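Presented below is the structure to which this report refers.
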Amino acid sequence: MSYRTRIVLIGAGLSALLIVAALLGACGGAPPTPTPTPTRTPRPVETKTPIPTATPVPVPTDTPTPAFTPTPAPTATPAASPTPTVDTSIIVPARDPSVSPYTGLKPVDPRVLERRPMAIKVANQRSVQPQSGLDKADIVVESPIEYSETRYTALYQSQDAERVGSIRSARLIDLELPAIFDSVLAYSGGVQPVIDKLEASDFGKAVFNETDAGPGFYRDPQVVVPDNLFANTAKLAEVVAKKGQNARPTPSAGWVFSQSAPDGGSTASSVYLPYPLYKVKWTYDSATGRWNREMGGTPHVDRVTGQQLSAADVVVLAAPHVKTLILENHTVMEGEGQACLNCSVEIQLWGEGPAKVFRDGKVYEGKWIRPARRAPFRIVDAAGKDIPLKPGNSWWQVVPTEMKLTVAP
């Protein structure tokens, strides 16, 4: 065989290989996958099943930090053991078992403080608005999810609500909130990777899906499926007790309260949060001393009462929002790379981040801190001192760190 003939045969072989590769690519390769944003801080290790991180980093010991440290009273003559004094204007639930750790109030029925709170997942798409029962929650957490929407995790202990919902599926942030609140989690469905993480978490036995909630959940035949699932908190509490998950909570919260507004802060008559789909505005009402909520440019009301939702405190928590490779709702990725529309969002509520507390017509700047999974979740000022909340219900608005708020004086 001549040299020229060998060259021709080799060239023909390479061409054939290129044609085969092109045909294989045209037959359907994997859709583009987004690359998660680098993690800012490693997730604190759970007690039961740690969540692996890309680069293992030593995690600080989960030793709760005191929420409030009394200052020794000054004395004219130094004593061997100075007697500490307590600022009586500050309400510290950790020192008074008759006070709710979530509201700073003494409930009408003190027995409710012995039951474990229930964090219930409530939807926020157009088909379920207005929702029911959010006005009875001690705390409502609003956080972004896929498709530019938000969803609520509503915490109930001090009051019961006969109708909470519509109830929908859990998200990754619900791996953090029950640990912060020491609550059970009640939800309906979810994609399998999220469900697996919840069930493997350190509160996995306190997870109640629709099949676990029994009479605590019910469907309203007058409402279109899947928006017709609701919870009755009193009945759900009975189910929680029967399953051995009822106990007085020991939340990892370091919140303190005060009846009067603390010193400092700036005047604030309203705050505007530009969530992409349903923008939120809170306006202070000096007549009631509360903040009234608007959503999408109109008052946000409770479906049962027809009354506008309000809060004693509005707490804005900024944290990194990282898109993961978990797909919500569909098996095919929508969008490309970081623009993936249906990728589940991991909200990193660990470490620390900026915080704003709105109460009594003022805004107090500070930061939230959570150095370890079961360490106190505290909201502190620049000096590291706890910013006291106003006794009553709170709304937590969780936002990306890059979101720009508009605060009117």
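The values are calculated or read from the model by the stated rules, or taken from the named source; none is laboratory data. In this text, all values refer to a predicted model and were calculated from it rather than measured experimentally. Note that we place each Cβ from the backbone using ideal geometry, even for glycine, and neighbour counts take in every protein chain shown. Note: accessible area is taken over every heavy atom of the protein model, side chains too, but ligands, DNA and RNA are not part of it. Shrake-Rupley method; radii C 1.70, N 1.55, O 1.52, S 1.80 Å.
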Exercise. Can you tell me which residues in the stretch 127-142 are out of contact with any His (no Cβ under 9 Å at 6 or more places or on another chain) and open to solvent by less than 10 Å² (accessible area, probe 1.4 Å)?
Worked result: Val128, Ser132, Gly133, Ala137, Asp138, Ile139, Val140, Val141, Glu142
For this session: Assess whether Pro354 counts as being open to solvent by 10 Å² or more (accessible area, probe 1.4 Å) and either within 25 Å of Ile90 (Cβ to Cβ) or at pLDDT below 95 (or both).
Result: yes
For this session: Please enumerate the residues belonging to the stretch 387-409 that are crowded, with 19+ Cβ neighbours inside 10 Å and over 19 Å from Tyr102 (Cβ atoms).
Result: Val399
Problem set entry | Qualifying residues in the stretch 377-386 (those that are open to solvent by less than 10 Å² (accessible area, probe 1.4 Å) and in contact (Cβ under 8 Å) with a residue 40 or more places away in the chain) - the one farthest from the chain's Cα centre (by Cα) | Ile379
Exercise. Do the conditions hold for Gly214, that is, is it open to solvent by less than 20 Å² (accessible area, probe 1.4 Å) and either touching a residue at least 24 places away in the same chain (Cβ under 8 Å) or on the phi < 0 side of the Ramachandran plot (or both)?
Worked result: no
Problem set entry | Number of the condition not met by Glu238 [criteria: (1) touching a strand residue (DSSP E or B) at 6+ places or on another chain (Cβ under 6 Å); (2) over 25 Å from Lys323 (Cβ atoms); (3) touching a residue at least 12 places away in the same chain (Cβ under 8 Å)] | (1)
Exercise. How about the stretch 207-281: which strands (runs of 3 or more DSSP E) wholly inside it have at least 2 residues that are at pLDDT below 95 and within 21 Å of the chain's Cα centre (by Cα)?
Worked result: none
Exercise. Within the stretch 271-325, which residues are farther than 27 Å from Asp160 by Cα and surrounded by 18 or more Cβ atoms within 10 Å (Cβ to Cβ)?
Worked result: Val271, Leu273, Tyr275, Tyr278, Ala318, Ala319, Pro320, His321, Val322, Lys323
Exercise. Of a type outside the set (Val, Ile, Thr), on the phi < 0 side of the Ramachandran plot and either assigned to a loop (DSSP other than H, G, I, E, B) or over 16 Å from the mean Cα position of the chain (by Cα) (or both), is that true of Ser143?
Worked result: no
For this session: Please indicate, with yes or no, whether at least one residue in the stretch 155-169 is in contact with a Phe, Trp or Tyr (Cβ under 9 Å, 6 or more places away or on another chain), touching a residue at least 40 places away in the same chain (Cβ under 8 Å) and basic (Lys, Arg).
Result: yes
